[in-house]
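Each remark here refers to the structure printed beneath this line.
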Amino acid sequence: MSQITIESILQEKRLFQPPAEFSQKAHIKSFDEYEELYNKAKANPQQFWAELAEKELHWFQKWDTVLDWQPPFAKWFVGGKINISYNCLDRHLTTWRKNKAALIWEGEPGDSRTLTYAQLHREVCKFANVLKQLGVKKGDLVGIYMPMIPEAAIAMLACARIGAPHSVVFGGFSAEALRDRLNDAQAKLVVTADGGWRKDAIVPLKDQVDKALADNAVPTVENVLVVKRTGQEVHMEAGRDRWWHDLEKGASADCPAEPMDSEDMLFVLYTSGSTGKPKGVVHTTAGYNLYTHMTTKWIFDLQDTDVYWCTADVGWITGHSYIVYGPLSNGATTLMYEGAPRPSNPGCMWDVIEKYGVNIFYTAPTAIRAFIRMGEDLPKAKNLSSLRLLGTVGEPINPEAWMWYQRVIGGDRCPIVDTWWQTETGGIMITPLPGAIPTKPGSATRPFPGILADVVDLEGNPVGDYNGGYLVVRHPWPGMMRTVYNDPDRFRRTYWEHIPPKDGQYVYFAGDGARRDENGYYWVMGRVDDVINVAGHRLGTMEVESALVSHPAVAEAAVVSKPDEVKGEEIVAFVTLEGTITPSEALNKELKQHVVNEIGAIARPGEIRFTDSLPKTRSGKIMRRLLRSLAAGEEVSGDTSTLEDRSVLDKLREGA
Ligand code: 6R9
């Protein structure tokens, strides 16, 4: 859970006005202007979005119906024809932006590349033709498992260009996790690289793909395309695997963008939920294009000369919406960085800002906390004066980390946008508009125009100011997820029926706890379900438990989190062992590694505690609340009367 408590809200009186100089040049210049937009959108959301869609995007054919809402299924801009790759590339070529830098890339070993809009367009067209040659057709799904190199963005845009939905799997996921996702998505082709650089070492991506596809484990995959990045030896399976550069050489650079229906699927992105396997979050074309376009424009206040840098990985939604689609749709210069702070270069982020004169910097609280630990000297040794706006995303930010970010990185001159949103929402939902909305450290402030947020109890009643409750959204918005891939029932249950609809009014349940203060500012407290947030990465406790239980020595596992200074939360697993197996240090290590093999390094438990039994209710449910207290080293408080066997708790305490 977040470090932000009700006390910190009540005590947090610091308020920072947008600097006048910033506001004068901003797209949205004052609080009044924000309120006007907000009220206009609230009065008639459909008209609000339709006007922007007309003005801001290119359409092959205009829509007939702005919104078709059959709760919980929404369709936006029905009847329209559009292509997001066209909006991100082609339309800029007839303007002065043709030779503007679209993508600046910096590799971890220090190599770099810049692609102008014309060059990026050419690369995307060529790769789209490669896909076509290999038989990829409109509607076929392409898996992308890549390091942070330009080809990742090129592959995404090429898929969008020909109407092949993509499913990007984060390069830090294991072969097993990759296999599950490719299977669920029924991928026809996989795009990968021999490897990628991560903290001075090579991540062997192609080896992982080989493992994932071994023994025909993903029968739908026909081809694997491999980018040569690191140059190490890799196995190439005859008839299946091909080098990107070999095929690209002969490909034509002429590939008109396919006019897509507004509601054609653009991508599936897997994310963790509280139960079962990861969900395939489905986003479609037109609404997602409009929503990421508008949020990027107004929240990052993009100006034509800006260099904009979002430090996320393209394997997450933040990379999709705010490295690739949102910035490029706006004709911005987006920076992509392969590296991360590492012992050989802890100050590398500040080097990149200085080298390229970055103006807008968007990162995560866990990164900011790590920067704080590394000390002020590193950023202070660099020239960061190009920065004019800072952003954060991924988890609640502690007010003191916010203050540090503002002072040390922002030089007390840059507004901070603390942006709350989710894989499911497609784009940012609650956020300051930097020239318009005064900020309070730790608050994501106000809903974006067109977003009707609220805080309610489990029956759906508004809880009023200051009271904790569940964060919900009351009206559909263009960037919202459309369904869970192949599982519309799960979509309905998870997001729309958790809080029962009242008088036919459905509300979107985000899974976060929140409070609203007297200024209408939102304070997001963290997840209210069994989703944990380790270093900004979403993990379901169930996923980690399933991974542990899949080890032959484990009988039962219960996973909770405890607060961690840098990562936000850390995984603590309580494990009971099979039959005669006895706990040992070696087994402890082996189980941690087993979780890494099953899911990836992001899920490595910080701590595994062996126990004889787990605390359960009479109906057999594991009482995680108790385990959470134990893991955090707190006194177990609250009601324990439903515990079946009280001695379990005493034993666990003794073992701690
Ligand atoms: C974009 C992204 C979503 C969950 C979300 C919430 C947490 C994200 C936040 C935040 C407080 C913020 N979260 N941004 N909490 N303040 N500014 O991170 O998507 O990976 O799907 O995670 O992250 O708990 O529900 P995703």
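The values are calculated or read from the model by the stated rules, or taken from the named source; none is laboratory data. Worth saying up front: this structure is predicted, and the values here are computed from it rather than measured. We place every Cβ from the backbone using ideal geometry, glycine too, and count neighbours over all the protein chains shown. We work out accessible area using only protein heavy atoms, side chains counted, and drop any ligands, DNA or RNA first. Shrake-Rupley method; radii C 1.70, N 1.55, O 1.52, S 1.80 Å.
Things to note:
- Residues of region 413-470 satisfying the condition of being β-branched (Val, Ile, Thr) and either touching an Asp or Glu at 6+ places or on another chain (Cβ under 8 Å) or not assigned by TED's automatic domain parsing to the domain that holds Met481 (or both): Thr431, Thr439, Thr445, Val463
- Among (1) open to solvent by 30 Å² or more (accessible area, probe 1.4 Å); (2) in a helix (DSSP H, G or I), the one test that Arg538 misses: (2)
- For region 1-23, the candidate set comprises residues that are at pLDDT 95 or above and in contact with a Gly (Cβ under 8 Å, 6 or more places away or on another chain); within that set, the residue that is farthest from the ligand (Cβ to nearest atom) is Ser23.
- Taking each residue of region 240-259 that is within 13 Å of Asp194 (Cβ to Cβ) and looking for partners that are modelled with pLDDT of 95 or more and open to solvent by 70 Å² or more (accessible area, probe 1.4 Å) with beta-carbon atoms closer than 7 Å, six or more apart or interchain, yields Trp243/Lys228; His245/Lys228.
- Condition met for Gly435 (small (Gly, Ala, Ser), part of a loop (DSSP other than H, G, I, E, B) and open to solvent by 10 Å² or more (accessible area, probe 1.4 Å)): no
- Among residues of region 515-534 that are more than 11 Å from Asn467 (Cα to Cα), those with a Cβ under 8 angstrom from a residue that is of a type in the set (Lys, Arg) and near the ligand (Cβ under 9 Å from one of its atoms), sequence gap 6+ or separate chain, pair up as Val531/Arg538; Ile532/Arg538; Asn533/Arg527.
- Pairs with Cβ under 6 Å, 6+ apart, first in region 333-349 and under 15 Å from Asn359 (Cβ atoms), second among the aromatic types (Phe, Trp, Tyr) and part of a strand (DSSP E or B): Thr334/Tyr308; Leu335/Trp309
- Among the residues making up region 106-137, those that are among the basic types (Lys, Arg) and either modelled with pLDDT under 95 or under 13 Å from Ile162 (Cα atoms) (or both) are Lys126, Lys132, Lys137.
- Test for Gly460: is it in contact with a Phe, Trp or Tyr (Cβ under 6 Å, 6 or more places away or on another chain) and assigned to a loop (DSSP other than H, G, I, E, B): no
- Sub-6 Å Cβ pairs linking a first residue in region 379-401 that is without any contact (Cβ under 8 Å) to a residue 60 or more places away in the chain and under 11 Å from Asn359 (Cβ atoms) to a second residue that is more than 16 Å from the ligand (Cβ to nearest atom) and of a type outside the set (Val, Ile, Thr), at least 6 apart or interchain, are Leu387/Cys414; Leu390/Gly410; Leu390/Cys414, ordered by first then second residue.
- Within region 405-427, considering residues that are β-branched (Val, Ile, Thr) and more than 15 Å from the ligand (Cβ to nearest atom), the one surrounded by the most Cβ atoms within 10 Å (Cβ to Cβ): Ile409
- Restricting attention to region 541-574 and to residues that are open to solvent by less than 30 Å² (accessible area, probe 1.4 Å) and small (Gly, Ala, Ser), the residue that is farthest from Gly273 (Cα to Cα) turns out to be Ala553.
- Search result, residues across region 455-482 that are in contact (Cβ under 8 Å) with a residue 60 or more places away in the chain and on the phi < 0 side of the Ramachandran plot: Val455, Gly468, His475, Pro476, Trp477, Pro478, Gly479, Met480, Met481, Arg482
- Of the criteria (1) within 21 Å of Glu598 (Cβ to Cβ); (2) surrounded by 19 or more Cβ atoms within 10 Å (Cβ to Cβ), which one Asp261 fails: (1)
- Only one entry of His320, His293 meets the criterion of being within 15 Å of the chain's Cα centre (by Cα) and either more than 16 Å from the ligand (Cβ to nearest atom) or in contact (Cβ under 8 Å) with a residue 60 or more places away in the chain (or both), and that entry is His320.
- You will find that of Asp64, Asp68, Asp90, the residue that is in contact with a Gly (Cβ under 7 Å, 6 or more places away or on another chain), of a type in the set (Asp, Glu) and closer than 28 Å to Thr425 by Cβ is Asp64 and no other.
- Restricted to region 328-396, the set of strands (runs of 3 or more DSSP E) holding at least 3 residues that are away from the ligand (no atom under 16 Å from the Cβ), open to solvent by less than 10 Å² (accessible area, probe 1.4 Å) and in contact with a Phe, Trp or Tyr (Cβ under 9 Å, 6 or more places away or on another chain) comprises 333-337.
- Enumeration of residues in region 463-493 that are within 19 Å of the chain's Cα centre (by Cα), outside any loop (DSSP other than H, G, I, E, B) and either modelled with pLDDT under 95 or among the aromatic types (Phe, Trp, Tyr) (or both): Phe491
- The test for being over 30 Å from Gly171 (Cα atoms), open to solvent by less than 20 Å² (accessible area, probe 1.4 Å) and not assigned by TED's automatic domain parsing to the domain that holds Glu400 does not hold for Leu591.
- Qualifying residue in region 629-638 (condition: touching a residue at least 12 places away in the same chain (Cβ under 8 Å) and either within 16 Å of Ala553 (Cβ to Cβ) or not in a loop (DSSP other than H, G, I, E, B) (or both)): yes
- Pick from region 196-218, criterion among the small types (Gly, Ala, Ser) and farther than 13 Å from Gly172 by Cβ, ranking: surrounded by the fewest Cβ atoms within 10 Å (Cβ to Cβ): Ala214
- Strands (runs of 3 or more DSSP E) contained entirely in region 211-311, each with at least 1 residues that are among the hydroxyl-bearing types (Ser, Thr, Tyr): 265-271, 279-284, 307-310
- Residue within region 82-101 that is in contact with a Phe, Trp or Tyr (Cβ under 6 Å, 6 or more places away or on another chain), touching a residue at least 24 places away in the same chain (Cβ under 8 Å) and open to solvent by 50 Å² or more (accessible area, probe 1.4 Å) present: no
- Single residue of Leu627, Leu577, Leu614 found to be touching an Asp or Glu at 6+ places or on another chain (Cβ under 7 Å) and surrounded by 12 or more Cβ atoms within 10 Å (Cβ to Cβ): Leu614
- Residue within region 470-482 that is open to solvent by 50 Å² or more (accessible area, probe 1.4 Å) and within 12 Å of the ligand (Cβ to nearest atom) present: yes
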